[in-house]
Ligand SMILES: Cc1cc2nc3c(=O)[nH]c(=O)nc-3n(C[C@H](O)[C@H](O)[C@H](O)COP(=O)(O)OP(=O)(O)OC[C@H]3O[C@@H](n4cnc5c(N)ncnc54)[C@H](O)[C@@H]3O)c2cc1C
């Protein structure tokens, strides 16, 4: 399924994909790797389309109850944002103890995993898809994370950092908190899967009979709660290893041929006295209507963020293709330099977003984007708690858009 997956980096392509969403088929088949999932995640992560637009488009074709599967899954994205907004940096450490002592996990990813050569077809197929497309079906993400943490005993944080760098939809809240959910440090038990589960939801090349995942759930639970590590099967490596699926290098800065400029004194002079709208990788859309005529549009990649979180070259290219459609002025820039360049500008604004917020100089005024679900001010410790509070009294999904 995923190896032919491609999403064009423009809003029109995202809207065309949105027009194809079939909520009934989604609810019936979403757990299958070839099911009718939306494929909208790169557009949502990078702000080309919003959750509100997704729901409005779907509802324009028919009503949905609030508890519909699709609405529920959109809710997971906002729930993870809710947790991030309350926990901040703490989401990058275990939220609570998991099934094993933290010290019992390795920090380095095994080489065979990174080369898609574990000998478990489901895992090797997932790694190859991740490298080839920057996308994985939700079930494949869960299987891969569960294998890494519970069977190979690699700390969830190492797996999360690796996966988020390759995903086109890499989102620090959805990704790192999902890994914690699988690990059992953000949920009450470890998420486990076996060969039978893969056979039910994935196409034949993923099936893994006779491999280390071909075990009962009781045995897998014992392994997850022990210090046991299951080594790769020697000589059983899947056919397409890294020789046929080379992975992109991870980059802290955009590939040189993208032609980003460095702002100089002339750029600062050109912005003096003008209103400025900053486009950034998590809000790749035009400025809000009604912005003063003559507003300068500048694209920024916050250097501090990218220093900490590298991306695959493919992701840089995807994001920059979308950004360059909005503005030719794109800078990889740190907060101090941005502050100097904009010092004489009239008013500087951008769309508020948690990935970029820590790296913006104080003069940049973030505009709040409306969320899909009503904000829940009390910190919730589970999705069900958050869902109950945010949808209390609502029957129809359309109530979210009022
Ligand atoms: C280990 C792991 C890592 C993940 N990393 C990311 C990530 O970096 N970025 C990301 O956007 N999602 C992540 N997810 C959640 C989910 O897998 C993806 O959002 C989904 O697979 C994207 O494909 P889609 O757009 O076809 O989803 P669909 O099933 O069509 O869902 C529509 C939209 O709803 C939201 N959504 C659906 N399921 C979830 C979920 N479980 N959690 C959060 N939002 C959801 C997404 O925005 C998605 O685009 C991760 C899940 C796991 C288990």
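Annotations for the structure displayed:
- Segment residue 60-residue 29, extension gain: residue separation times 0.36 nm, minus the distance between their alpha carbons: 9.0 nm
- Whole-number percent relative contact order across the range 114-173, with pairs defined as alpha carbons under 8 Å at least 6 apart: 28 percent
- Helix 156-166 axis, angle to the chain major axis (alpha carbon atoms, nearest 10°): 60 degrees
- Bridge type composition, the chain - antiparallel percent by DSSP, nearest 5: 20 percent
- Dividing the mean sequence gap of close Cα pairs (under 8 Å, 6+ apart) by how many residues the chain holds gives a relative contact order of 20 percent.
- Taking the three principal axes of the alpha carbon atoms in the chain, the coordinate ranges are 68, 49, 38 Å, sorted in descending order.
- Sorting the segments 215-226, 7-18 by their mean number of nearby beta carbons within 10 angstrom, highest to lowest, gives 7-18, 215-226.
- Burial ordering of 303, 365, fewest other beta-carbon atoms within 10 Å first: 365, 303
- By the count of other C-beta atoms within 10 Å, a proxy for reagent exposure, 142, 163 are ordered fewest to most as 142, 163.
- Taking all C-alpha pairs of the range 2-92, those more than 18 Å from each other amount to 50 percent.
- Point-to-point label distance, residue 340-residue 85, nm (Cα→Cβ direction, 7 Å offset): 3.5 nm
- Between residue 219 and residue 96, full extension at 0.36 nm per residue minus the direct alpha carbon distance yields a gain of 41.9 nm.
Every number here is computed from the coordinates shown, using simple stated rules; none is lab data. From a predicted model like this one, the values you see are computed outputs, not experimental measurements. Here Cβ is always computed from backbone atoms with ideal geometry, including for glycine, and neighbour counts include all displayed protein chains.
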